[in-house]
Amino acid sequence: MGGPPSGSAGGPPASGPRGWHYRGYLPHFDAGEVAQMITYRLADSLPRDVLADLRLMPDDAKRRRYDALLDAGIGSCLLARPAAASVVVMNWLQFDGVRYRLHAWVVMPNHVHLVATIAAGQSLSRIVQAWKSYTAHRLAILTDTPGRIWFPDYWDRFIRDDAHFVAAAEYVEDNPLRAGLVAVRQAWPWSSASALQCGRAARAPG
């Protein structure tokens, strides 16, 4: 798990080539060179009626409920298959240090979390779209799954300061432990916590 890049603490920059925008019903901050926590999920991981109820909740309560529902393991849980999880992880690692810097990450059975800093000149929304597009094609073939693989939108939150960075990275790596999938976080093979044990850890930003 790498530390936050210099100058990332204290929230998003006051100005930049991109900023707040909406895609679907979630707000996104896309300004580059800001550490962010990113979540996206499989298309069948949350029923439509649950999503409708979430829209009516305050933001903090919405996020807690959203995460709890994902951890319940609803849907096909394609990512529980080792080969499928490997497709996602290898896709992330391919451009680590080029388009973004990975700090912490985990592949759960029906969703994923990352803490990453997007490189200057890059777009978070385009990077997430590229991750989904490539892996959707591979996963559809690998798992013989027709139709949509990923839910269209994603959730992101910029890292405010060093304390928030540490909390976000620990939250990501502890996700399998909280969901009751393992007794210790290092035992979950599809996370940066496990990767540290295997010499595959994401590189810390310079």
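In whole Hz and in residue order, list the ³J(HN,Hα) couplings for the range 145-152 that follow from phi through the Karplus curve 6.51 cos²θ - 1.76 cosθ + 1.60, θ = phi - 60°; x for Gly and Pro.
10, x, x, 5, 8, 9, 5, x
Considering every Cα-Cα pair within the range 78-206, what fraction, in whole percent, is farther apart than 26 Å?
That fraction is 19 percent.
Please give the net charge around residue 115, taking every other residue with its beta carbon less than 11 angstrom from that of residue 115, where Lys and Arg add +1 and Asp and Glu add -1.
-1
Can you send over the solvent-accessible area of residue 153, 1.4 Å probe, protein chains only, in Å² to the nearest 10?
About 10 Å², rounded to the nearest 10.
Just to confirm a number: summing +1 for Lys and Arg and -1 for Asp and Glu over residues other than residue 144 whose beta-carbon lies under 14 angstrom from that of residue 144, what do you get?
That works out to +2.
The values are calculated or read from the model by the stated rules, or taken from the named source; none is laboratory data. Predicted model only: the values in this text are computed from it and were never measured. Reconstructed Cβ throughout: ideal geometry from the backbone, glycine too, with neighbour counts over all protein chains shown. Surface accessibility is based on the protein's heavy atoms, side chains included, excluding ligands, DNA and RNA. Shrake-Rupley method; radii C 1.70, N 1.55, O 1.52, S 1.80 Å.
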